[in-house]
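The structure appears right after this line, and notes come after that.
The values are calculated or read from the model by the stated rules, or taken from the named source; none is laboratory data. If you're wondering where the values come from, they're calculated on a predicted model, not measured in any experiment. Neighbour counts run over all protein chains shown; Cβ positions are idealised from the backbone, glycine included.
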Amino acid sequence: MTSKYYYLVAGLPELSLEDNKLSYTVADFKTEFYPFLSPKDQQLVNLYYLKFDNANVLALLRQQEDAFDSRGCFSAAQLEEYMAALKEGDTLPDDLFPSYLSTFITEYFQQEAAAQQQLPEDRLASLYYAYAMKCSNRFVAQWFEFNLTMNNVLVALAARKYKWDVAQCIVGDTAVCEALRNSTARDFGLSAEVDYLDALMKIGDTEELVEKERKADLLRWKWMEENSCFCYFSIERLFVFLMQIEMIERWIMLDKEKGNQMFRQLISNLKDQVKIPAEFR
């Protein structure tokens, strides 16, 4: 039976991506909403918070403990315990520790060939999306698939523009991922498969970096509203609220000037490692 959250949803504020202040943060959601969810719905929300665990696992593997983000599902002590067990060859049940994280950490320690073909971040992202898209909730699974497709299309468009190897930039193993890796068509042969492809193409043509990210978030916002419009008092509505406060929270912290400054610094850090187009330097 699907749980209904009449009281929680009725009290949600109206949100807009243009909001410059928030009543709740991503961290607040976990303390003020999460405890009132059913165990099944908590697992759905955990799929979102696991992205912080992904970053924490990478930080711990690289001995960057100062970068630990407390918004994840696991404490540093828990992650270190599970990582040590996996390093010793132990097997952890999925209800204790997500299977995709076990797979990634085991591959990392064993330095398996499949894992070495990708950057650790890309391999972990691929496993994470595959895990999330298998969840039992149709809306949440489609949300993760939408984001994977959207990110990959935008990356593929940038790779084409700057003559990078598109196939090496794509994350995931869906049919769309394979089309992006192999197609030479302008639309990657995906016009019928991806109904928002034209919008992505326009976003890809946007030169100003912060404006491009803003347009991408507006498309995400629109997708969520359209696909949850009949989810009135359900976990889907609360999940959308969580995604929206994350977007607003990020934009409150990131103005246009700071965004460009951060990007230029990133490129400066990378330019000695890879060949970067001159206009990005």
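May I ask you to verify whether Leu200 is surrounded by 15 or more Cβ atoms within 10 Å (Cβ to Cβ), under 26 Å from Met243 (Cα atoms) and of a type in the set (A, V, I, L, M)? So Leu200 fits the description; yes.
Please work out if Phe239 is assigned to a helix (DSSP H, G or I), modelled with pLDDT of 95 or more and not acidic (Asp, Glu).
Yes; evaluated as a whole, the condition is true for this residue.
Screening Phe97 on (1) part of a loop (DSSP other than H, G, I, E, B); (2) in contact with an Asp or Glu (Cβ under 6 Å, 6 or more places away or on another chain); (3) aromatic (Phe, Trp, Tyr) shows it passes everything except condition (2).
The number of residues in the stretch 162-192 being over 22 Å from Tyr131 (Cβ atoms), of a type outside the set (A, V, I, L, M, F, W, C) and touching a Ser or Thr at 6+ places or on another chain (Cβ under 9 Å) comes to 1. Just wondering, is there one or more residues in the stretch 1-24 that are in the same structural domain as Tyr232 (by TED's automatic domain parsing), aliphatic (A, V, I, L, M) and free of Cβ contacts under 8 Å to residues at least 24 places away in the same chain? For the stretch 1-24, residues in the same structural domain as Tyr232 (by TED's automatic domain parsing), aliphatic (A, V, I, L, M) and free of Cβ contacts under 8 Å to residues at least 24 places away in the same chain: present.
Every condition in (1) in the same structural domain as Gln244 (by TED's automatic domain parsing); (2) loosely packed, with under 15 Cβ neighbours inside 10 Å holds for Lys161 except the one numbered (1). The sole residue among Arg250, Arg220 that is surrounded by fewer than 16 Cβ atoms within 10 Å (Cβ to Cβ), within 15 Å of the chain's Cα centre (by Cα), part of a helix (DSSP H, G or I) and charged (D, E, K, R) is Arg250. The listed residues are Ala141, Ala84, and the only one of them that is surrounded by fewer than 18 Cβ atoms within 10 Å (Cβ to Cβ) and more than 25 Å from Asp41 (Cβ to Cβ) turns out to be Ala84.
All conditions but one from (1) among the charged types (D, E, K, R); (2) in a helix (DSSP H, G or I); (3) touching a helix residue (DSSP H, G or I) at 6+ places or on another chain (Cβ under 8 Å) apply to Glu178; the one that does not is (3). Scanning the stretch 50-77 for residues being exposed (fewer than 15 other Cβ atoms within 10 Å of the Cβ) and either in contact with a strand residue (DSSP E or B) (Cβ under 9 Å, 6 or more places away or on another chain) or of a type in the set (S, T, N, Q) (or both) gives a total of 4.
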